Structures are given as structure tokens and as C-alpha cells.
Amino acid sequence: MRKRLRKRLVLILFLLVSLGTAKDRFQAASPIHLDRDGERWAERTLRKLSLEEKVGQLFMVRARVEFYNVASPDYRQLRENMRKYHIGSFLVTVTAEGPFLYRNQPYEAAMLANSLQRDSELPLIFAADFERGLYMRLNGTTGFPHAMAFGATGNKDYAFAFGKITAEEARAIGIHWNFYPNADLNSNPANPIINTRSFGEEPRQVSELVNAYIAGARGAGMLTTVKHFPGHGDTDADTHLALARVGTTREHLESIELVPFRNAINAGVDAVMVAHVTVPALEPDPNRVATVSRNVITGLLKQQLGFNGIVITDAMDMNGLMRLFPSETPAASAGRAAVEAIKAGNDMILIPSDLDGAYNGVLAAVRRGEIPETQIDASVLKLLRAKAAVGLHRGRFVDIDAMSSLIARPENLAVAKRVAEDAVTLVRYTGQFLPLRPSGTTAPALAYKNTEETRNRVVAIVFSDDVRSDSGRVFERQLKLRLPDANVLFVDSRTAAGAAPVVLEAVRQAQTVLAAVYVIPSAGRTVRAGGAMKASVALSDVPAALLSSVLQQAGERTMLLAMGNPYLAADFPAVQNYLCTFSNEPVSETSAVKALFGEITIKGRLPVTIPDVAVRGSGLDRVANSR
């Protein structure tokens, strides 16, 4: 009897050693599901946490993807903040400077996740803004067009595949939570920050695409988030810069803006991100944005809509919020903002403007009874359950060896390509110059020897925020593969005035002119319009004047290509030929060129109305060349 018992104990010990702890094991992605084992882990873990540790779990801070030596000052600072403030989650991002986004590599993202997981007492949850797939931040991954391109296809199967593929690649590098999909209805053409990030303007279609994305992502093991509650589409301000106002009635909100959010909640979305917008119909205090409004979060979202998942703020360092919390010190401002956000009903504070001030502000508020500790416990339990639902209690590390078979699979790249191609929408066409005809290719040249000649038969003008950016580079390469002698000119707000004589002379000589305009919504983007700087997705004054001159001089032989903002044509009444891709991503640039040369069928439909140009659902069909 004793021998059998001894053997059984030895076997149990052997199994425990061979299995190791959750901290030692690889993650295994599977559909989002909280089983009884995960529930027990979450409840047991909560009971072990001190108040300081529980408050720390409510904060998510940035972790920029780059190579770190673990002894470097930057990594040591990350680790120190994680330990000092008991941080339980990180937002994975990359360095950005104005229009320049410095994408990094998936291997570096995975190594960063592994390093931080190794140095954390509790398993960490990693989130990201992968609104266009991982390629939005990381090279060598699958890149999809903007959301509005999906609306132009009208195909919810594409949205499902989008969610599934993004989830598979995200989980392969250790990211468990996407701040997506976007449930905003872009009903305001002047909206400077939503625009192509929205699937469209019609509640039913947007709801179908949002729900399809949620199903695809959750089935592949990624937590999902609908944003920006209660709707950021009918605004004309960028909350990164200023206060935005949703001025509609309560009835309008119920029948329009809230519809996709309500449907997403019914579809099982894991989290809701709240916007820094004022909504007088819901919150009478003009100085209380939705993020810090108990009426909006507890009253509407939780009680009326019945949402029981994670409520997370939009980034708390945005000016649209912080201007409402003036104080003598940044720490005091951040602390008060975080306290008000928690009191309103948020479970998680995203990127506080001052981590020390926000953390200690919330901690002090709990200690003095302004925030009940029971509320903190409820929020932390939600977050621990989310960690268990993605399997972090069983394994927290990324299997680096598996990444090369999971990321950028050829079949996934093909899906992204099909979406971009099906999204191309021809809004106006009165000319006779399509399809363009390729003129062959040049013979291979020796290295460092360029024998290419440029002529003005086809002139392409690329308008962008900065000629040094990537905007238009794929478009140029694809065009020159088909027309090696095409003349491609790049202009921005700094060069447009000086380049105007050269551009207009080339246009005068050209048989066909392609004006490709790259304007997309981006945080903090401002342009000079009417002599003043303002947030906008329009062209700034000088490039806009040049484009107007091009259209006046050669409107009948000019194709205006909106490589992003589809409302562009409303600013140029002279436009006769207009094509939209709704996106500036490489797959969309390639699809635009294919459409111009008749290599693909053009069949997209506008998911939004362009004032004085075309209504939602418009689009001209062109069948691909039989060749």
C-alpha cells in the first residue's frame, strides 16, 4: 500500500515538474472561453492581491516595439514602472513622428512580450491598435485596407476573415486584445479623425461588418473592443487636439449611433472603449465628456444596454480630455481625471498622461472612500477573467519557432488583396482613356545604372502630407512596372507652390493625368485651410489650389484617385473622373493601378454619401479586360 502511494506521489511530482508553471509554458490560442478552471484562477488571484496591486491592474501603458537589451535604460524603465505600479497590461505600439510611423518587426514584438512576461509576477495582457491588421505597426505581416474599404465591398465574409487572420497573427506574437472594430457611423463628411476608420454610415451594414469581425477574431482567440462609445462619427473635431461634441437628439442616438454598439454587445464583444466627446443629450454638464460621465457609462452602457464586459477609456493623455482637468501639476490633473473615469464606471485607464499621478490619485481615492474597494475588485476580476479567457493562466510565453508558419501566410495575403480589389469604386467617369495600356518593360539594367526614360504621355501626381513618406511609393512602382516611361511627380504642402509650373507643364503635354491624393485620418493631423490651421482630412490650401488648376486645365483626361478620404471630390467641383480605394495601404495602391489598367473588375459601392457628388450605394461597374 505504501509502495503504491509512494509511486503515485513520485508520478504526480514528475508530471508537475514536466508541465512546469504557467509562467514557463507557451501560450496556446483557442476561441475566447472562460472555463471553470479559469474562473477559479481569477477569483483565487484576486483574493491574493493587495489594494496597491489591484489598483495597478486597472492601468494600461505603452510598450514600444524595438530591440531592447534587458539591461538598457529603456527596458529597465519599463520593468521598473511595471513593478512599482503593479501594471497588468501593456499597449503595444511603435514610434511615430508626425506622418512617419516607424514599423518594426514581429520577432521584436514577440521578444518584448516574452521579456516583460518573464519579469512580471502576474501574467500580462498585451493589447494593440491593429485597425488594419498587424501591418499597421509591424512589417512582414498581413496588411488590410481601412475599414471603409470593407464597407465598399459589402461582404461580411471579408470582415470575418479580417478578424480571424488578425487574431491568428496577433496571438502568434503574444498580443491578446485588439482595440477594434470601429462601430462609429461616419455620418459627418467633415469628421477629421474617424472617416475611413469607419465601415460606413448605415447602421445595419456597419453592424453586420462589426459583428462578423468580432466572430472571426474571438474564434481565433483575440479579445475585441468596439469604439468609440457612444459614437464619434458625427463630430467635426479631433479629440487628440480639442473637445468634440455630438449634438444629436437622444432619439437620433438610439436609432442611429447606438445601433452598432447594441448589436456588438449582443454579439459578445469583450470590451467597449469610451470616447472623449460631449453628448448633451446624455450628459448635460458641458465639461463632462463621455469618458468621465456616469450617465453615459453606468446609466446607458451598463444599465440600459446591459453591457457586463470591460469598459476602457480612450487614451487619457488626449487634449480633448485633459483640458477639462486643469491643475497646478500634471500629476494632479492625471490623478483627478483617472478618479473621475473610475467613478463613472470605467474598468481600465488607458495611457494616463502621468502614470504616477493617476495611480496614486486612484489609490488615495479608494483609501478615503471616494471609490469603493468593491468596485475596484469587480473591475480587477473582469480583467483577470479576460486573462484566463485567453489562456494566460496556463501559459504566458510566445513560441518564437512557430511564428514563421503563422504570420503572413500566402492565403491570408491573398484575402487582403481580394478585399482591396473588390473595394475599388468608380464614382464618376466621363472620359475614354480607361483602361490604360501597358507599354512593355525595360530591359534589366546593371546595378547602379539607371537607363529609364521619362515621358509625359501619362503623368501621375502624388499629393501627400510629406513627400518623404511612403505615400505613393507602391503606386509609383506598380505604375512603372506597366508604363516605365510614366512621369511620376510628388508634391506636398511645402513643395506644391514651387513645383506648380513643372507639374502644370507636364499636365499640358499629357494624354492622361492621374492625380492620386493620400489623405487619411490620423491623430493630431492639421492642415492650413482658409489661412488657419485646423484638424482635417482635406488637402491643405496650396496643394488643393494646384489640384484645382490641374482639373481646370485637363479635367476630361484626369482621373482623381482618392487614396483614403472619399469625401475629397466634394472640394473639387471640376472633377469629371473619380475613383476611390478608401485606403492608402500597399494592397490598395496596387489595386488602384490594376483597376486603371483593366486587370480587375471594378464593382465597389460607396458606403457613405459624398455631398453634391454621389449617394451611398453609388458606383460604376467596369469589367476586367479579357486579356
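The values are calculated or read from the model by the stated rules, or taken from the named source; none is laboratory data. Please read these numbers as outputs of a predicted model, since none were measured by experiment. Don't worry about glycine lacking a Cβ; one is built from the backbone with ideal geometry, like all the others, and counts go over all protein chains shown. Remember, those area values only see protein heavy atoms, side chains included, never the ligands or the DNA or RNA. Shrake-Rupley method; radii C 1.70, N 1.55, O 1.52, S 1.80 Å.
Side notes on the structure shown:
- Of the cross-linked pairs 48/302; 156/603; 156/302; 23/164, those separated by over 23 Å at the C-alpha level are 48/302; 156/302; 23/164.
- Over the stretch 43-166, the reciprocal of the mean inverse Cα-Cα separation, the Kirkwood hydrodynamic radius, stands at 16.4 Å.
- Dividing the mean sequence gap of close Cα pairs (under 8 Å, 6+ apart) by how many residues the chain holds gives a relative contact order of 16 percent.
- Order of exposure, largest accessible area first, which applies to 35, 470 with probe 1.4 Å: 470, 35
- When DSSP beta bridges are restricted to pairs lying wholly in the chain, around 20% turn out antiparallel.
- Residue-normalised accessible area of the chain, expressed per residue, 1.4 Å probe, Å²: 41
- Global geometry of the stretch 169-226, whether rounded, prolate or oblate, following the gyration tensor of its Cα atoms and the 1.5 cut on a/c: oblate
- Radius 9 Å from Cβ of residue 331, net charge of other residues (Lys, Arg +1; Asp, Glu -1): -2
- The length gained on full extension between residue 96 and residue 67, counted as 0.36 nm times the residue separation minus their Cα-Cα distance, comes to 8.8 nm.
- Anisotropy class assigned to the stretch 310-372 is oblate, per the alpha carbon gyration tensor with a/c at or over the 1.5 cut-off and a/b no larger than b/c.
- Rounded if a/c under 1.5, otherwise prolate or oblate - the stretch 247-290, Cα gyration tensor axes: oblate
- Potential lengthening between residue 40 and residue 303 on full extension [0.36 nm per residue; Cα-Cα distance subtracted]: 92.0 nm
- Percent of C-alpha pairs per 10 Å bin, the stretch 211-251, short to long: 23, 34, 27, 16
- Surface share of carbon and sulfur [accessible, 1.4 angstrom probe, percent] for the chain: 51
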